[in-house]
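The values are calculated or read from the model by the stated rules, or taken from the named source; none is laboratory data. From a predicted model like this one, the values you see are computed outputs, not experimental measurements. In this analysis, Cβ positions are derived from the backbone assuming ideal geometry, glycine residues included, and neighbour counts consider all displayed protein chains.
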Amino acid sequence: MEYTLDTESPDNYHFWTAITILGAITKRQVYLDMNMFKVYPNFYVFLIGPPAARKSAAAAIGVRLAVQAGLRKFSDKITDAALIKDLSEATEKRVEGQTVELCSPVLIYASELGVFMGLDAYSSGVIADLTDLYDCPPRWEKKTISRDSELILGPYVT
């Protein structure tokens, strides 16, 4: 919090931005093992406040740090196809002991949620996909019209 001490944004915006970025940077390396499933710190956080409350300014600080740390950021208007493409391109290898794990970590950042998702987010399947991806399944397969199906290994969307 000292890093953002001299900014105009409220502390709670900086706090939740920091929590989000810390969760995103872990890239599936940190989790709670619940035996039947794992709980990952991939938060879906929305900063809500009046216009000109400096929400985007607070988020931009954290996003800049995440990108500098090598995290892939997705911030254009989201479509189902773009989400799948971005996740498939984000696949990276992580070596843990003698095991190699594939992971597809992506940070989604939108300064305005309505613009980011668009009017057709629900009907196009984007919201359903983001809901499925929140659970961080080991494998996520999506059938598409243009391609038979796309397999994403270790999706991790924050």
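Residues that are in a helix (DSSP H, G or I), surrounded by 16 or more Cβ atoms within 10 Å (Cβ to Cβ) and under 17 Å from the mean Cα position of the chain (by Cα): does segment 34-45 have at least one?
no
Within segment 91-108, can one find any residue that is aliphatic (A, V, I, L, M), touching a residue at least 24 places away in the same chain (Cβ under 8 Å) and farther than 24 Å from ASP33 by Cα?
Scanning segment 91-108 turns up at least one residue that is aliphatic (A, V, I, L, M), touching a residue at least 24 places away in the same chain (Cβ under 8 Å) and farther than 24 Å from ASP33 by Cα.
Residues of segment 133-154 being over 19 Å from GLU92 (Cβ atoms), surrounded by 15 or more Cβ atoms within 10 Å (Cβ to Cβ) and modelled with pLDDT of 90 or more, which ones?
Within segment 133-154, just TYR134 meets the criteria.
Might you let me know whether segment 89-105 holds any residue that is touching a Ser or Thr at 6+ places or on another chain (Cβ under 8 Å), farther than 13 Å from VAL157 by Cα and among the hydroxyl-bearing types (Ser, Thr, Tyr)?
No, because not a single residue in segment 89-105 is touching a Ser or Thr at 6+ places or on another chain (Cβ under 8 Å), farther than 13 Å from VAL157 by Cα and among the hydroxyl-bearing types (Ser, Thr, Tyr).
Quick check on segment 63-107: of everything there that is surrounded by fewer than 18 Cβ atoms within 10 Å (Cβ to Cβ) and under 19 Å from TRP16 (Cβ atoms), which residue is modelled with the lowest pLDDT?
By that ranking, first place goes to SER75.
Tell me which residues, restricted to segment 120-150, are in contact (Cβ under 8 Å) with a residue 24 or more places away in the chain, more than 25 Å from MET34 (Cα to Cα) and not in a loop (DSSP other than H, G, I, E, B).
Selection gives ALA121, SER124, VAL126, LYS142, GLU150.
VAL157 passes all but one of (1) touching a Leu at 6+ places or on another chain (Cβ under 6 Å); (2) at pLDDT below 90; which number fails?
VAL157 satisfies all of (1) touching a Leu at 6+ places or on another chain (Cβ under 6 Å); (2) at pLDDT below 90 except (2).
Quickly run through segment 94-140 and pick out the residues that are in contact with a Pro (Cβ under 9 Å, 6 or more places away or on another chain), among the hydrophobic types (A, V, I, L, M, F, W, C) and more than 17 Å from ARG72 (Cα to Cα).
Correct list: TRP140 only.
Considering segment 1-34 alone, what residues qualify as being within 20 Å of PHE46 (Cα to Cα), aliphatic (A, V, I, L, M) and at pLDDT 85 or above?
Once the filter is applied, which keeps residues that are within 20 Å of PHE46 (Cα to Cα), aliphatic (A, V, I, L, M) and at pLDDT 85 or above, segment 1-34 yields ALA18, ILE19, ILE21, LEU22, ALA24, ILE25.
How many of the residues in segment 46-71 are among the basic types (Lys, Arg) and assigned to a loop (DSSP other than H, G, I, E, B)?
1
Could you grab me the full set of residues in segment 81-119 that are in a loop (DSSP other than H, G, I, E, B), farther than 27 Å from ARG54 by Cα and touching a strand residue (DSSP E or B) at 6+ places or on another chain (Cβ under 7 Å)?
Passing the criteria: ALA90, THR91.
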